[in-house]
Amino acid sequence: MKEKTLITGFPRMGENRELKKALEDYWSGKTGIDELQKISSELRKKHWMIQKDNGISLISCNDFSFYDSMLDTAVMINAVPERFRDSKNKTDMYFSMAHGDANSAAMEMTKWFNTNYHYIVPELDDSIEFKADASKIVSEYREALSVGIHPKINIIGPITFLALSKTDDGSDPLKYIDKVTEVYCSILRELSALDETVFIQFDEPVFVRDLPEEYFERLREVYLKFSAVSDNIRIIFTTYFEHSCEAVKALADVPLWGLGLDFVHGKKNIDALKYAQNKIIIAGVVDGRNIWINDFNKSIRLLKEIAAHTGMDRILVSTCCSLLHVPFSSVNEPDSRIKDWFSFAVEKTAEVSLLGRVFHSPEVNESDSRNLVENAMINELMKSSEFRTDASVQEGINEAVKSEREGGFTERQTIQRKKFNLPVLPLTTIGSFPQTPELRKTRRDFRMKNISSAEYESAVKNYIDDCIAFQEEAGLDVFVHGEPERTDMVEYFGEMLKGFHFTKNGWVQSYGSRCVKPPVIYGDVSRPEPMTVKWISYAQGKTKKIVKGMLTGPVTILNWSFVRDDKTRAEVSKQIALALRDEIDDLQKAGISIIQVDEAAFKEGYPLRRENIPAYEEMAVSDFKLACSRAEKDTQIHTHMCYSNFNDIMPVIDSMDADVITIETARSGNKLLKVFRDYGYKKDVGPGVYDIHSARIPDVEEIEKQIRLRMEVLPAGQLWVNPDCGLKTRKWDEVKPALENMVKAVEKIRMDLK
Ligand code: GLN
Ligand code: ZN
């Protein structure tokens, strides 16, 4: 076999986020489609050449997208919702589907498995006429040929596509599998004509979940059909983020060319190799989800372990998933103590290449042996570097045996009710107020040292003054300071905590043209000084009402960062929890009596496999509780979670022991709240009464209706009234009337309750 290496997929944004800029210029009308096409083509070629120069055998095409690959797949099979069908042209239709237009709402977006990448959720119904459109793939393939590359074609597999879709009537989208398979087969026929041999990688990550038996039956049927389409097609069935043993077994007698398996996040895949005796194994050993350099010795050991089941010559070395989830290159990062430890997409490509050579050739060339030595040295350093270990953090962890708060909930509730004396249906918000352009500029100016810290401080304080004054006027009960000092709920804390690093250019696509720059947790986490006390105390000093302290919880910080992998996530989470525990203590000592610990990412952090859930829950709950463990009985702990399905996790939510939980419910009505009632939840709940994702201003009647609906589910005495989530993405013109209406609605209801 001449193929040695494969890259599952490459990021498309470009070294300096060129695609972002090109897209945004196109959307704003600054440039035309030709310019966007030209820049995209240059990016694709550049990214292919990086892989080619590294000697990668199988380089992807169709991993590029203007917006998202699920959306591309929908277009490929003509799964276009009716409201977009009469668009002027294909490009307009595509972007309208992605972010809506004057007449039609955008399609929904949701997170891709357990990553922070969002895909567009396909909408299926019987009016769709599934038919093939392989034009995007064909043109990218030809483009690759023009630069001397015979690429493999990446396509999201039909079962994953359907499993992640929604139907108009809530029925199982798999009902469309026959029609969709037919369309895929005709696409395969068309693609088979492109080259002498055509490699097609079907991404089927849905098979890393626990699935009902039916899925495996469909899996066999579909891939048997695919494998019969044409002799010159080499099919690679790829999964990632976990093991997919059941799928490998189901495919045992289906004649596919290769299986792409994640051996970084799915060690159990080794157990499935006995069912893959007739297939090439694309061994994902280079981590596509994290930014640390590979440990070559470890990877070679792993490859040998795999080879013990398959034989050496049936192995291709690969990334464990697409490199979409890591930044472009670490070369341009400023020098730092940890720069050598980084490996982003470009560096990971070189790692795959080197591992392929070293693993497959009997002799190692000079430069590779130098690299191997250097790699071993860096890995050794990473393990032993003093600056990433902090003995006092370790001591803190050893001492922190107590994670239970004083007093049970009922006792705390009595004490808190007496102390706060809040009216029924207390009114509050989730934390942030609008992040105005001026505010962003203030923070930027401060960062660039264009303004002094005194100037910065007074600008932030002015903003807090305005927030407090507004809440006073509007008549809310529990106030917030508005979070003007925070760009982001994780970044802010990362910058204040030890053990975090911020990259200069470590952008990762989040959705469409939007990129995020996750913090890097490289060392033991500790809190050199209080992080929020100054701002919250300032706000509290301006009012007689209670101002909530506002923190981000351990699991959310963990989920939205790149985390060191020399320690378990549970250890890192515990360190964060301890830092937060001290912060909560300082806040209450400063007279703050209500403290909110946001766990926006609590639910999305759940493992993909049931077998890993207990450990996750144990970590998430115990560290949340550890963070809150010093809260006095008369300090009220709130938590907030963004849109989550609580069905299976009520006992877990309950065991977090927060006095109040605020959740996002406006779009789903009472559905989520009923779960709390059915479970018999006794603590306070603040179900969101209006959607903050849209600019629409809800009127008094609408909010009143929402609240009354909530009161049908839980007694008024257990309910708080608040918007769905933070208000930072909204404008003051929207926020002010919306909150005023919320207050009026509650006042009306309170009158009736008297
Ligand atoms: N306190 C944060 C805010 O209001 C919570 C954000 C979130 O849940 N995503 O912005
Ligand atoms: Zn939220």
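The values are calculated or read from the model by the stated rules, or taken from the named source; none is laboratory data. Because the structure is a prediction, the values reported are computed rather than measured. Backbone-built Cβ (ideal geometry, glycine too); neighbour counts: all protein chains shown.
Find the residue count for the stretch 312-332, including only residues that are among the basic types (K, R) and under 12 Å from T8 (Cβ atoms).
So the first thing to find is which residues in the stretch 312-332 are among the basic types (K, R), and the list is 314.
After this cut, where a residue has to be under 12 Å from T8 (Cβ atoms) as well, the list is none.
Number satisfying all stated conditions: 0.
Please find, among A539, A577, the residue that is in a helix (DSSP H, G or I) and in contact with a His (Cβ under 6 Å, 6 or more places away or on another chain). Can you show your working first?
Values: A577 fails: in contact with a His (Cβ under 6 Å, 6 or more places away or on another chain).
Result: A539 is the single residue among A539, A577 that is in a helix (DSSP H, G or I) and in contact with a His (Cβ under 6 Å, 6 or more places away or on another chain).
Please determine whether any residue of the stretch 706-723 is under 22 Å from the mean Cα position of the chain (by Cα), modelled with pLDDT of 95 or more and either within 16 Å of ligand 2 (Cβ to nearest atom) or not polar (S, T, N, Q) (or both).
Taking the stretch 706-723 first, the residues under 22 Å from the mean Cα position of the chain (by Cα) are none.
Within the stretch 706-723, none of the residues are under 22 Å from the mean Cα position of the chain (by Cα), modelled with pLDDT of 95 or more and either within 16 Å of ligand 2 (Cβ to nearest atom) or not polar (S, T, N, Q) (or both).
Out of everything in the stretch 658-673 that is out of contact with any Leu (no Cβ under 9 Å at 6 or more places or on another chain) and at pLDDT 95 or above, what residue ends up being nearest to W732 (Cα to Cα)? Don't jump to the end; show me each part of the working.
Going residue by residue through the stretch 658-673, those that are out of contact with any Leu (no Cβ under 9 Å at 6 or more places or on another chain) are 658-662, 666-668, 671-672.
When the remaining residues are screened for being at pLDDT 95 or above, the result is 658-662.
Working: A658: 30, D659: 30, V660: 27, I661: 25, T662: 22 Å.
Residue satisfying both the conditions and the ranking: T662.
Is it the case, given these coordinates, that G553 is in contact (Cβ under 8 Å) with a residue 60 or more places away in the chain, crowded, with 24+ Cβ neighbours inside 10 Å, over 19 Å from S392 (Cα atoms) and small (G, A, S)? Please lay out each step first, then the result.
On the way: in contact (Cβ under 8 Å) with a residue 60 or more places away in the chain: yes; crowded, with 24+ Cβ neighbours inside 10 Å: yes; over 19 Å from S392 (Cα atoms): yes; small (G, A, S): yes.
Criteria met by G553.
With the requirement that a residue be within 16 Å of ligand 2 (Cβ to nearest atom) and either touching a residue at least 60 places away in the same chain (Cβ under 8 Å) or on the phi < 0 side of the Ramachandran plot (or both), what does the stretch 472-484 give you?
So the first thing to find is which residues in the stretch 472-484 are within 16 Å of ligand 2 (Cβ to nearest atom), and the list is 480, 482-483.
Residues satisfying the conditions are V480, E483.
Out of all the residues in the stretch 142-161, is one or more polar (S, T, N, Q), in contact with a strand residue (DSSP E or B) (Cβ under 7 Å, 6 or more places away or on another chain) and within 20 Å of F237 (Cα to Cα)?
The answer is yes, given that some residue of the stretch 142-161 is polar (S, T, N, Q), in contact with a strand residue (DSSP E or B) (Cβ under 7 Å, 6 or more places away or on another chain) and within 20 Å of F237 (Cα to Cα).
Which numbered condition trips up D724, out of (1) of a type in the set (D, E); (2) buried (at least 21 other Cβ atoms within 10 Å of the Cβ); (3) not in a loop (DSSP other than H, G, I, E, B)?
Going through the list (1) of a type in the set (D, E); (2) buried (at least 21 other Cβ atoms within 10 Å of the Cβ); (3) not in a loop (DSSP other than H, G, I, E, B), D724 breaks only (3).
Out of T487, T436, T442, I need the residue that is more than 16 Å from ligand 2 (Cβ to nearest atom), at pLDDT below 95 and either surrounded by fewer than 22 Cβ atoms within 10 Å (Cβ to Cβ) or polar (S, T, N, Q) (or both). Which one? Even if it seems obvious, please write down each step before you answer.
Details: T436 fails: at pLDDT below 95; T442 fails: at pLDDT below 95.
Checking each option against the conditions leaves just T487.
Does the stretch 19-33 contain at least one residue that is within 27 Å of the chain's Cα centre (by Cα), closer than 30 Å to V206 by Cβ, among the charged types (D, E, K, R) and surrounded by fewer than 20 Cβ atoms within 10 Å (Cβ to Cβ)?
Yes, the stretch 19-33 contains a residue that is within 27 Å of the chain's Cα centre (by Cα), closer than 30 Å to V206 by Cβ, among the charged types (D, E, K, R) and surrounded by fewer than 20 Cβ atoms within 10 Å (Cβ to Cβ).
Please find, among Y176, Y240, Y275, Y215, the residue that is of a type outside the set (A, V, I, L, M), more than 19 Å from T8 (Cβ to Cβ) and within 28 Å of the chain's Cα centre (by Cα).
Working: Y176 fails: within 28 Å of the chain's Cα centre (by Cα); Y240 fails: more than 19 Å from T8 (Cβ to Cβ); Y275 fails: within 28 Å of the chain's Cα centre (by Cα).
None of the other options fit; the residue is Y215.
Hey, can you tell me all the residues within the stretch 696-706 that are among the aliphatic types (A, V, I, L, M) and buried (at least 21 other Cβ atoms within 10 Å of the Cβ)? Quick ask: steps written out before the conclusion?
Taking the stretch 696-706 as the starting set, the residues that turn out to be among the aliphatic types (A, V, I, L, M) are 697, 700, 703.
Scanning the stretch 696-706 gives a single hit, I703.
When you check Y223 against the structure, is it over 15 Å from C185 (Cα atoms) and buried (at least 23 other Cβ atoms within 10 Å of the Cβ), yes or no?
Working: over 15 Å from C185 (Cα atoms): no; buried (at least 23 other Cβ atoms within 10 Å of the Cβ): yes.
No: the conditions fail for Y223.
Pick from A105, A132: which is farther than 30 Å from V326 by Cα, within 25 Å of the chain's Cα centre (by Cα) and not polar (S, T, N, Q)? Reasoning before the result, please.
Working: A132 fails: within 25 Å of the chain's Cα centre (by Cα).
Result of the check over A105, A132: A105.
Among residues belonging to the stretch 697-721 that are part of a loop (DSSP other than H, G, I, E, B), out of contact with any Lys or Arg (no Cβ under 8 Å at 6 or more places or on another chain) and in contact (Cβ under 8 Å) with a residue 12 or more places away in the chain, point out the one that is farthest from E664 (Cα to Cα).
Applying the first criterion (part of a loop (DSSP other than H, G, I, E, B)) to the stretch 697-721 yields 697-699, 714-715, 720.
Imposing the further condition that a residue be out of contact with any Lys or Arg (no Cβ under 8 Å at 6 or more places or on another chain) reduces the set to 697-699, 715, 720.
Checking which are in contact (Cβ under 8 Å) with a residue 12 or more places away in the chain leaves us with 697-699, 720.
Details: I697: 17, P698: 16, D699: 18, W720: 12 Å.
Restricting to residues being part of a loop (DSSP other than H, G, I, E, B), out of contact with any Lys or Arg (no Cβ under 8 Å at 6 or more places or on another chain) and in contact (Cβ under 8 Å) with a residue 12 or more places away in the chain, the top hit is D699.
Any idea which of L753, L739 is crowded, with 18+ Cβ neighbours inside 10 Å and among the hydrophobic types (A, V, I, L, M, F, W, C)?
Numbers: L753 fails: crowded, with 18+ Cβ neighbours inside 10 Å.
After ruling out the rest, the residue left standing is L739.
Before we move on, is D733 closer than 24 Å to R486 by Cβ and away from ligand 1 (no atom under 15 Å from the Cβ)?
Considered against the rule, which asks whether it is closer than 24 Å to R486 by Cβ and away from ligand 1 (no atom under 15 Å from the Cβ), D733 comes out as yes.
Take K633 and tell me if it is over 22 Å from the mean Cα position of the chain (by Cα), touching a residue at least 12 places away in the same chain (Cβ under 8 Å) and under 23 Å from K402 (Cα atoms).
yes
So is R412 more than 12 Å from I293 (Cα to Cα) and touching a Cys at 6+ places or on another chain (Cβ under 9 Å) or not? If you could, list the steps in order and put the result at the bottom.
Values: more than 12 Å from I293 (Cα to Cα): yes; touching a Cys at 6+ places or on another chain (Cβ under 9 Å): no.
When the stated conditions are applied, R412 does not pass them.
Out of the helices (runs of 4 or more DSSP H) lying entirely within the stretch 1-83, which hold 2 or more residues that are farther than 24 Å from L194 by Cα, at pLDDT 95 or above and among the basic types (K, R)?
Details: elements: 18-27, 33-53, 69-76.
Because the criterion is at least 2 residues that are farther than 24 Å from L194 by Cα, at pLDDT 95 or above and among the basic types (K, R), the helices (runs of 4 or more DSSP H) in the stretch 1-83 that meet it are 18-27.
Which ones in the stretch 415-448 are aliphatic (A, V, I, L, M) and either within 16 Å of ligand 1 (Cβ to nearest atom) or in contact (Cβ under 8 Å) with a residue 24 or more places away in the chain (or both)? Break it down stepwise before answering.
Within the stretch 415-448, the first condition is being aliphatic (A, V, I, L, M), and the residues that meet it are 415, 422, 424-425, 427, 430, 439, 448.
Within the stretch 415-448, I415, L422, V424, L425, L427, I430, L439 qualify.
Mind checking which residues of the stretch 632-654 are away from ligand 2 (no atom under 16 Å from the Cβ) and closer than 21 Å to D585 by Cα? Give the derivation first.
Narrowing the stretch 632-654 to residues away from ligand 2 (no atom under 16 Å from the Cβ): 632-637, 647-652, 654.
Correct list: E632, K633, D634, T635, Q636, I637.
Could you check the stretch 242-299 and list, in sequence order, the residues that are under 16 Å from I315 (Cα atoms), of a type in the set (V, I, T) and outside any helix (DSSP H, G or I)?
V264, I280, I281, I282, V285, V286, listed by residue number.
Only one of (1) assigned to a helix (DSSP H, G or I); (2) within 27 Å of R710 (Cα to Cα); (3) at pLDDT 95 or above; (4) within 16 Å of ligand 1 (Cβ to nearest atom) fails for I584. Which number is that?
Every listed condition holds for I584 apart from (2).
Of all residues in the stretch 386-406, which are touching a residue at least 60 places away in the same chain (Cβ under 8 Å) and either surrounded by fewer than 16 Cβ atoms within 10 Å (Cβ to Cβ) or assigned to a helix (DSSP H, G or I) (or both)? Even if it seems obvious, please write down each step before you answer.
Of the stretch 386-406, the ones touching a residue at least 60 places away in the same chain (Cβ under 8 Å) are 387-390, 392-394, 396-397, 400, 402-406.
Within the stretch 386-406, F387, R388, T389, S392, V393, Q394, G396, I397, A400, K402, E404, E406 qualify.
If you check T532 against the conditions, is it in contact (Cβ under 8 Å) with a residue 12 or more places away in the chain, crowded, with 20+ Cβ neighbours inside 10 Å and under 21 Å from the mean Cα position of the chain (by Cα)?
No.
Out of the residues in the stretch 480-494 meeting the condition of being under 20 Å from the mean Cα position of the chain (by Cα) and of a type outside the set (S, T, Y), tell me which one is farthest from G553 (Cα to Cα). I'd like the intermediate steps shown before the answer.
Going through the stretch 480-494, the residues under 20 Å from the mean Cα position of the chain (by Cα) turn out to be 486-494.
Now drop any that are not of a type outside the set (S, T, Y), which leaves 486, 488-491, 493-494.
Details: R486: 15, D488: 13, M489: 10, V490: 9, E491: 13, F493: 10, G494: 12 Å.
Applying the filter and picking the extreme gives R486.
From the residues in the stretch 639-657 that are within 15 Å of ligand 1 (Cβ to nearest atom) and at pLDDT 95 or above, which one is farthest from F409 (Cα to Cα)?
Here is the first cut: in the stretch 639-657, the ones within 15 Å of ligand 1 (Cβ to nearest atom) are 639-644.
Retained after the next criterion (residues that are at pLDDT 95 or above): 639-641.
On the way: T639: 15, H640: 18, M641: 20 Å.
By that ranking, first place goes to M641.
Might you check whether a residue that is within 16 Å of ligand 1 (Cβ to nearest atom), under 25 Å from L580 (Cα atoms) and assigned to a strand (DSSP E or B) occurs anywhere in the stretch 485-502?
Scanning the stretch 485-502, I find no residue that is within 16 Å of ligand 1 (Cβ to nearest atom), under 25 Å from L580 (Cα atoms) and assigned to a strand (DSSP E or B), so the answer is no.
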